[in-house]
1. Quick one: divide the alpha-carbon radius of gyration of the chain by 2.2 N^0.38 Å and tell me what you get.
2. So how strong a dipole does the stretch 40-124 carry about its Cα centre when Lys and Arg Cβ are +1 and Asp and Glu Cβ are -1, to the nearest 20 debye?
3. Using amide H atoms built 1.01 Å from N in the peptide plane, name the residues 5+ places from LEU8, or on other chains, whose amide H lies under 5 Å from its own.
4. With charges set only on the Cβ (+1 for Lys and Arg, -1 for Asp and Glu), what does the dipole of the chain come to about its Cα centre, in debye to the nearest 20?
5. Whenever you get a sec, line up LEU143, LEU50, LEU8 from highest to lowest accessible area (probe 1.4 Å, protein heavy atoms).
6. Probe radius 1.4 Å, ligands and nucleic acids ignored: give me the carbon and sulfur share of the accessible area of the chain as a rounded percent.
7. In the stretch 92-126, what trypsin sites (Lys or Arg not before Pro) fall in a loop by DSSP, with at most 12 other Cβ atoms inside 10 Å?
8. Along the charge dipole of the chain, Cβ charges K/R +1 and D/E -1, which of SER66, THR117, GLY46 sits furthest on the positive end?
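The values are calculated or read from the model by the stated rules, or taken from the named source; none is laboratory data. As the structure is a prediction and not an experimental result, all values here were calculated from the model. Note that we place each Cβ from the backbone using ideal geometry, even for glycine, and neighbour counts take in every protein chain shown. Surface accessibility is based on the protein's heavy atoms, side chains included, excluding ligands, DNA and RNA. Shrake-Rupley method; radii C 1.70, N 1.55, O 1.52, S 1.80 Å.
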Amino acid sequence: MRHQAYLLDGDRIRQGLSRDLGFSDADRAENVRRVAEVARLMVDAGLIVLVALISPFLADRLKARSLFKPNEFIEIFVDTPLSIAEARDVKGLYKKARRGELLHFTGIDSPYEAPETPEIRIDTTQACVEEAAELVIETLVRLGIAARL
């Protein structure tokens, strides 16, 4: 069985669908809402949709989850300590946020509410990219969302 999948990437979403939004709490909530609505439509069309967003607030993630049937919303917590995220900062955004050049930056001057019970937790200090991908695939297979190829 072949599965069709699509990645909704936060950076690309911000360039198009959410280009009118900033990074205030209200704008972040609206961004998550828009992406969840698009993902729901794509799931309804039979796609496996991977959503790669910084979604810092629990309430927004719960609202997004409420749009889906059981086993259609799989929360993946890519768990990276702030110090590691800053060390891996290829775009230089954390440095800009530390200097006050970027406001409402998650983890610096805007909070991050870690998921309480994600279906998948990936500790990026322990798992390489291949191991993380395998964990996601194993979960999709176990839940009957995808078949092992």
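1. This ratio for the chain stands at 1.09.
2. 280
3. Long-range HN contacts for LEU8: LEU50, VAL51, ALA52.
4. Dipole of the chain, to the nearest 20 debye: 340 debye.
5. LEU50, LEU143, LEU8
6. Answer for the chain is 56 percent, counting heavy atoms of protein chains only.
7. Answer by residue number: ARG99.
8. The Cα lying farthest towards the positive end belongs to GLY46.
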